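To start, the structure itself, in structure tokens.
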Amino acid sequence: MIHFSSTQANSGFGSVSSHQFTVYSDNQPTTYYYHATDEISVAKEHFLTSLKNLKASFSAVPVHSPAAFDWLQYYKPADERVGLLAIDRSVADGSQAPKTRDAKFREELERRRHEYTVYEPYHVYTATWNVNGQTSEAIELPEWLATTDSPPDIYAVGFQEIEWTTEKIIMNETKIDRTWVDKVMSGLHKGAVYTELASVRLVGMMLTVAVKSTIYPKINDCLTSAVGTGTLKWGNKGGVGVSFKLNEALFCFVNTHLAAHTQEVERRNDDHDDIIRRMSFDNGFRMRSIDEHHHIFWIGDLNYRLDGPEVSQEYVNRKDRDYNQLYQHDQLYVEKRRNRIFRDYKEGKILFPPTYKYNPGTDEWDSSEKCRTPAWCDRILWKGQRIELLRYNSVMQLRKSDHKPVYADFKVDAQAKDQAKLKKISEEVLKTVDKYENDNQPQITVEQTDLDFGLIRFNEKYSRELLVANNCHLPVRFRFACKDDRNSQVCEDFIRISHSKGELLTGNSLSIRIDILVDAPAASRMLRKLKDAQAGIKIPLDILVLHVENGRDIFITIFGEYKPSCFGVSLDTLMKLNKPVSMYAIHELVSLDHEEKLIDLVGDDVGGSNLRFPREIWRLVDNLRKMGLQTPHLFTLDRKLGQSDAANLLEIRDWLDTGTPHTTAEALLMMLEALPEPVVTISERECIIASDNFERCKELLRSKLKSVNRLLFLYICLFLQDLWNANKSIRIETIAGIFGRIMIRSQLPAKPEFSNSIYAYSEGERDQRRRFMMTLLNNNIRDFARQEMNTY
């Protein structure tokens, strides 16, 4: 549907006749304007008649006929037909990774840019003048810069040959001449307040850009650039430029002074190409070339001359002169038609006299000996969309130079964003991107994200199956991820995962087995982890991070209720117990660590005497004395148990926790190994010094060990001596190595996963501990032990 309306619009730059008509396509209005120009001399009435006939012919077209162009929908790109595709085929076939959410959002928002883009009109005023080395004294510029009825929004004023001395050329002067800038600012239109945006200079070339103070806040990313041309790239010729962003539109103003003399056309062309190639605007993140702008204005003394036998001062002065005929001999016009320079640039029709060369102070042509042929050296060109030339003229009243100043003003429709539409479209795009992300993101499903292991007891293995499946259209790679950069573990060391990583094709599934075994090294850490647990309440033991490549992480929580055991409890806590461990809640065991008073354990099962070290260890050792002294190979380095012995070990654990009379050597080793702190804590150096001297060993034990640790250590050593004396199959080196490695440890720094591990030491360190034990076992420690017992 076509709707017509004729309006008389006043753009602020003079009266412009605009004929408006609106075309509705798919119920979306598009407004067009008809502007009458000299190039298109179509009468208004004829234009309207043609449109009305067109409207009448299309009103009779059936909606689904071929003339309605609905069939073109099937030839549009898929993204335009249905918006953002639910499934991206390039992602599905693996040829391309899914785009990130931010990248896809920006891409889709850019695709719909035309929906929220609006154009705001700005009045741009450009001006250029070669001042021929003259100073700014006694010059007023309003006749050149304030020629419009309404104040322009943006000024770009270029000069050539200011202070154009040999010294300035050699020094490549770039210091701004503030006297000329002040003259410019004072000569601007008085109907507005202006702010200097930027000024840039290279020897004799200078460019100043000023804007209305009201639009100054809308401008950002303002940059300058300067390029020298010629053989030595000195700045006597070349160009300076200013670039900035106004709303969403990039503006660029270039002021140049190209090679002189009529015969130097090729040099001027080379200067033009050099400036195009080398001028760039660098904001620290990226560089913009001249052509990477929406609106480009090129001003300056381009120095292209009038060239031809019929061109002379006499012809230019004739009253019947034809500027159009003269323009055919303009070198810039000729070179541009040959597409050698200023490709895609436009220039307004020249209706003013040549701007060079005049006798300074007059309007007369050059009368010197050289008698220069007049030329339009000073020019203004532009490039870009939505730029309308309003005026292009010279100013004859300014006579101080041998050039006449030139100006041109434009109406520029600069791109901006309709914020209300942008917000609405952003919300729509966000929803679309959400769907795209969900449909094109590798995903796996898990049967359950909470794995409950129920009641967990020391040294028993528990297993659960975690079923993962790929139900999406993409192949999926997964792995269990580390929790942070500082920790390389994917789970607690008492948890084992059968498949730490894998790949699933569409429709496939995998059962992952997760095991929990709280062994001796892990027992004390388990107690600390669950110190706030209440009886019967399961708390998380760990959270596993199942990472899907290019997808979302899945968090799997491991639950369980740990049954307290004497394994992993500190010596101090064991000394404070007045009932079996199984009768305590975990938080009660932990709280005992903070009590200062030691409780003497008195009971029938220990003969009614005060016990000076943990009851559980005493029972193990006492049982071994009664039943195990003659057992061959009671302690071995490999510490391997048969299947029946492993089952009996669990009974031993329960006996220790409940008071049932069973025992085994392995239980003793596990009990000592599970202690959160070693029985003997000495450094490697101390161990080396004392390892071959019994007296030094005794002194070290007195000075370094707490009483309970010292008595327990001596008690174990006395038992080992009795075992060695009673059982000829026992080698002292073997039992010294086993118990030295378990009971004697140094404080390792930092890493908690090693602080309780007997396997964290080198072979040499373990040998020193074995020698320390052998020194004690090979000497009479019974008197030493009795003496320590009496002083306790």
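Nothing in this text is a laboratory measurement; each read-out follows from the coordinates by a stated rule. Note that this is a predicted model, so its numbers are computed, not measured. Cβ: placed from backbone, ideal geometry, glycine included. Neighbour counts: every protein chain shown.
Going by C-beta contacts inside 10 Å, put LEU48, LEU776 in order with the fewest on the left.
Details: LEU48 15, LEU776 24.
In order of increasing Cβ crowding within 10 Å: LEU48, LEU776.
Efficiency by 1/(1 + (r/R0)^6): what FRET value for ARG337 and ARG479, r their Cβ-Cβ distance, R0 = 51 Å, to the nearest 0.05?
For R0 = 51 Å, the calculated efficiency reads 0.15.
Can you put PHE635, PHE285, PHE251 in order of Cβ neighbours within 10 angstrom, beginning with the fewest?
Result, fewest neighbours first: PHE285, PHE635, PHE251.
Rounded, prolate or oblate: which fits the stretch 209-260, taking a ≥ b ≥ c as square roots of the Cα gyration tensor eigenvalues, rounded meaning a/c under 1.5, else prolate when a/b beats b/c? Show your work: numbers first, answer last.
Working: a/c = 3.72, a/b = 3.00, b/c = 1.24.
Note, shape of the stretch 209-260 comes out prolate.
What FRET efficiency would be calculated for the residue pair LYS346, THR214, taking the C-beta separation as r and a Förster radius of 22 Å, to the nearest 0.05?
The calculated FRET efficiency here is 0.15.
Could you list TYR345, TYR715, TYR155 in order of exposure, starting from the residue whose Cβ has the fewest other Cβ atoms within 10 Å?
With the sparsest Cβ surroundings first, the list reads TYR345, TYR715, TYR155.
Can you tell me the dipole magnitude for the stretch 116-417 around its Cα centre, using point charges on the Cβ only (Lys, Arg +1; Asp, Glu -1), in Debye to the nearest 20?
Details: 40 positive and 43 negative charges, 114 e Å.
About 540 debye.
Enumerate by residue number the GluC sites (Glu not before Pro) in the stretch 408-472 meeting two conditions: DSSP loop (anything except H, G, I, E, B), and at most 15 other Cβ atoms within 10 Å of the site's Cβ.
Details: sites: GLU427, GLU428, GLU437, GLU447, GLU460, GLU465; in loops: GLU447, GLU460.
Counting only loop positions with at most 15 other Cβ atoms within 10 Å, the GluC sites (Glu not before Pro) in the stretch 408-472 are GLU447, GLU460.
Determine the alpha carbon to alpha carbon distance for each of LYS52/LYS423; LYS190/LYS319; LYS104/LYS212; LYS175/LYS404; LYS104/LYS538 and list only those over 32 Å.
LYS52/LYS423; LYS190/LYS319; LYS104/LYS212; LYS104/LYS538
Suppose the chain between ARG464 and GLU143 were pulled fully straight at 0.36 nm per residue; how much longer would it get relative to their current alpha carbon spacing?
106.5 nm
Please identify the trypsin sites (Lys or Arg not before Pro) of the stretch 197-294 that satisfy two criteria: DSSP loop assignment and at most 14 other Cβ atoms within 10 Å. Which are they? It would help to have the intermediate numbers written out before the result.
On the way: sites: ARG201, LYS212, LYS218, LYS233, LYS237, LYS245, ARG267, ARG268, ARG277, ARG278, ARG286, ARG288; in loops: LYS233, LYS237, ARG286.
Those that pass, being in a loop and sparsely packed, are LYS233, ARG286.
How far apart, in nm, are the 7 Å Cα→Cβ label points at ARG391 and THR506?
About 6.9 nm separates the two model spin labels.
Cβ under 15 Å from GLU765's Cβ, GLU765 left aside: what net charge do those residues give with Lys, Arg +1 and Asp, Glu -1?
Around GLU765, the surrounding residues sum to +3.
Just check the stretch 116-417 against the gyration tensor rule for me: Cα atoms, a ≥ b ≥ c as the square roots of the eigenvalues, rounded for a/c under 1.5, and otherwise prolate or oblate depending on whether a/b exceeds b/c.
rounded
Report, in listed order, any pair from LYS336/LYS383; LYS483/LYS529; LYS357/LYS411 with a Cα-Cα distance greater than 21 Å.
LYS357/LYS411
Can you flag which of LYS237/LYS346; LYS245/LYS400; LYS576/LYS704 are past 26 Å Cα-Cα?
Over 26 Å apart, Cα to Cα: LYS245/LYS400.
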